[in-house]
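Participant: Take this structure, written in structure tokens, and hold onto it; I'll ask about it next.
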Amino acid sequence: MTALIVDDSRFMRAHLRQLLERIGVACTEAGDGAEALDTLRGTGNGYDFMLLDVNMPRMTGLECVKALRETGLGPEMKVMMVTTECDNSFIESALEYGADEFLMKPFTAEGLREKLAMMGLTA
Amino acid sequence: MSGTMETSFFRDREMFEALREIVLPRMIALNADARRLRIWCAGCSTGQEAYSMSLLLREHFAGALAGWDVKVVATDLAEDAVDYARRGRYRRPEVNRGLTAKMLVKCFLREDEDWEIAPELRAICEFRQADVCEPMTGAEEFDLVLMRNVLLFLPSHERARAFENVRHRMDPSGVLVLGQAEQAEDLTNLFEADYLRGHNFYRLAKQG
């Protein structure tokens with residue numbers, strides 16, 4: 001399984017990478033939404049899923065998921081927002097824009113695995 | 001008796017899937033004349049299991065159960081756990097487990113830093129402080145009893161009492177669910193098991 005980790009914090013990217021690699025997921029990283037879209041344009045089949053932070057410079061997670069769904073990049077790719085933003089209205093917006101799931105920071109390794117399973121992704 | 005405080009919404013998803021796909025549809029068909037459904041969460045801890053049942057019924061059986069008398073009775077020995085459950089307010093780490101984002105926004109209201117279960121989901125749940133090893137007050141018979149991860153923490157003589165209490169409160173066609181690491185091996189003469197989705201669903205054995 002493959003994942004694109006999008007977060008402007010390299011510590012968070014490293015943390016997510018460690019958790020995912022431990023369950024056999026091959027990870028690629030991007031530092032913001034724009035870099036994520038560039039990375040996706042450069043790959044043929046995209047990734048099985050994307051973990052997407054919200055508050056990032058240049059392009060936020062919400063803008064990124066919206067652009068992703070509008071342009072049809074990685075149409076099969078599941079998108080999970082990983083964020084401290086968690087008002088119901090915000091979560092609803094993210095789902096409307098095309099996100100599949102939502103994981104609030106802070107989270108546990110088990111919590112992350114559960115959410116992947118909810119999207120039909122089991123490593 | 002409370003098993004453990006470790007709990008989450010839809011803990012053990014496959015068990016809930018089996019309930020949704022097989023056990024509940026059978027139960028609803030059987031109760032079609034009485035239009036009544038009683039569920040007992042024995043050892044409910046902080047309430048996630050009871051609310052998961054309420055959520056499952058609302059999400060998947062709202063049409064089938066329209067106009068029915070439905071109640072989820074949830075008991076625990078620990079008064080503070082029962083109070084917490086009754087309040088129905090959960091913190092971020094709790095709603096981060098077991099709930100899809102869609103369920104969260106649909107079934108919970110944001111209250112300050114917490115999430116509160118929607119009133120219509122809470123309405124069918126009744127929380128009581130009670131010891132599963134002591135006879136339960138009232139005269140209800142339950143169609144479904146969830147007693148998961150309770151027996152693990154009981155000595156064998158108390159396990160037998162808990163089973164006896166549960167057996168007396170089960171409808172003759174009722175179903176008992178234990179935790180994944182628990183079996184009814186002490187009382188194999190009392191129950192028969194259907195093995196569904198990796199779980200045993202116990203029915204009362206036919207007597208005589």
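Participant: Output the DSSP H helices from chain B with an along-axis C-alpha extent of no less than 15 Å and a mean Kyte-Doolittle hydropathy no less than 1.0.
Facilitator: none
Participant: Roll a 1.4 Å probe over the protein heavy atoms and report the accessible area of B:Ile28 in Å², nearest 10.
Facilitator: We get 20 Å² for B:Ile28.
Participant: Right, another one. Taking each residue of B:10-18 in turn, how many C-beta atoms of other protein chains fall within 10 Å of its C-beta, and what is the average?
Facilitator: For this peptide, the per-residue mean of nearby foreign Cβ atoms is 1.
Participant: Using θ = phi - 60° and the Karplus form 6.51 cos²θ - 1.76 cosθ + 1.60, what ³J(HN,Hα) does each residue of the stretch A:85-102 get, whole Hz, x for Gly and Pro?
Facilitator: 6, 8, 5, 3, 5, 5, 4, 4, 4, 4, 5, 5, 6, x, 6, 9, 8, 8
Participant: What FRET efficiency comes out for A:Arg10 versus A:Asn88 if R0 is 41 angstrom and r is the Cβ-Cβ distance? Round to the nearest 0.05.
Facilitator: After rounding to 0.05, the efficiency reads 0.85.
Participant: Same structure, new question: Ignoring ligands, DNA and RNA, how much accessible area is buried between chains A and B, both sides summed, with a 1.4 Å probe, to the nearest 100 Å²?
Facilitator: Buried surface at the A/B interface: approximately 1500 Å².
Participant: Right, another one. How large is ³J(HN,Hα) for each residue in the stretch B:11-17, as worked out from phi by the Karplus curve 6.51 cos²θ - 1.76 cosθ + 1.60 (θ = phi - 60°), to whole Hz, x for Gly and Pro?
Facilitator: So the Karplus estimates, Gly and Pro as x, are 4, 6, 4, 5, 5, 5, 5 Hz.
Participant: Taking only Cα atoms and a 10 Å spring cutoff, compute GNM fluctuations for chain B and point out the largest among B:Gly174, B:Gly98, B:Gly63.
Facilitator: Looking only at B:Gly174, B:Gly98, B:Gly63, the biggest GNM fluctuation is shown by B:Gly63.
Participant: Using a 1.4 Å probe on the protein heavy atoms, what percent of the accessible area of chain B belongs to carbon and sulfur?
Facilitator: 49 percent
Participant: So what J values fall out for the stretch B:123-128 if you push phi through Karplus, 6.51 cos²θ - 1.76 cosθ + 1.60 with θ = phi - 60°, rounded to Hz, Gly and Pro as x?
Facilitator: Couplings: 4, 8, 9, 10, 9, 9 Hz.
Participant: I've got another one for you. Isolated Cys in chain B by the 4.7 Å beta carbon test?
Facilitator: By the Cβ distance rule, which asks for a partner under 4.7 Å, the isolated cysteines are B:Cys107, B:Cys125, B:Cys133.
Participant: Please give the average number of partner chain Cβ atoms lying within 10 Å of the Cβ of each residue in B:100-107, rounded to a whole number.
Facilitator: Other-chain Cβ atoms within 10 Å of each residue's Cβ, averaged: 6.
Participant: When Cβ neighbours within 10 Å are restricted to other protein chains, what is their mean count per residue of peptide B:22-30?
Facilitator: What the average comes to for B:22-30 is 0.
Participant: Hey, another quick one. What FRET efficiency comes out for A:Thr43 versus A:Arg69 if R0 is 22 angstrom and r is the Cβ-Cβ distance? Round to the nearest 0.05.
Facilitator: 0.80
Participant: Next up: According to a simple spin-label model (label point 7 Å from Cα along Cα-to-Cβ), what is the distance in nm between B:His168 and B:Arg128?
Facilitator: Going from the B:Arg128 label point to the B:His168 one covers 1.3 nm.
Participant: Add -39500 (n - 2.57) for each DSSP H run of 4 or more in chain B, then divide by its residues: what number comes out at 222 nm, to the nearest 500 deg cm²/dmol?
Facilitator: When only DSSP H runs of four or more count, the value is -8500 deg cm²/dmol.
Participant: Of the accessible area of chain A, with the probe set at 1.4 angstrom, what percent is carbon plus sulfur?
Facilitator: 47 percent
Participant: Just to confirm, what accessible area per residue do you get for the stretch B:115-178 at 1.4 Å probe, in whole Å²?
Facilitator: Accessible area per residue, the stretch B:115-178: 40 Å².
Participant: Next question, about the same structure. Report the label-to-label distance for B:Glu111 and A:Thr122 in nanometres (one decimal), using points 7 Å from each Cα along the Cα→Cβ vector.
Facilitator: For B:Glu111 paired with A:Thr122, the spin-label model returns 3.6 nm.
Participant: Given 10 Å bins starting at zero, what is the percent of C-alpha pairs of the stretch B:1-117 in each, up to the one with the largest pair distance?
Facilitator: Over the stretch B:1-117, the share of Cα pairs per 10 Å bin runs 13, 43, 34, 9, 0 percent.
The values are calculated or read from the model by the stated rules, or taken from the named source; none is laboratory data. Just so it is clear, the structure is predicted and the values come from calculations on it, not from any experiment. With ideal geometry, Cβ positions are generated from the backbone for all residues, glycine too; neighbour counts draw on all protein chains shown. Calculation scope for accessible area: heavy atoms of the full protein, side chains included, ligands and nucleic acids excluded. Shrake-Rupley method; radii C 1.70, N 1.55, O 1.52, S 1.80 Å.
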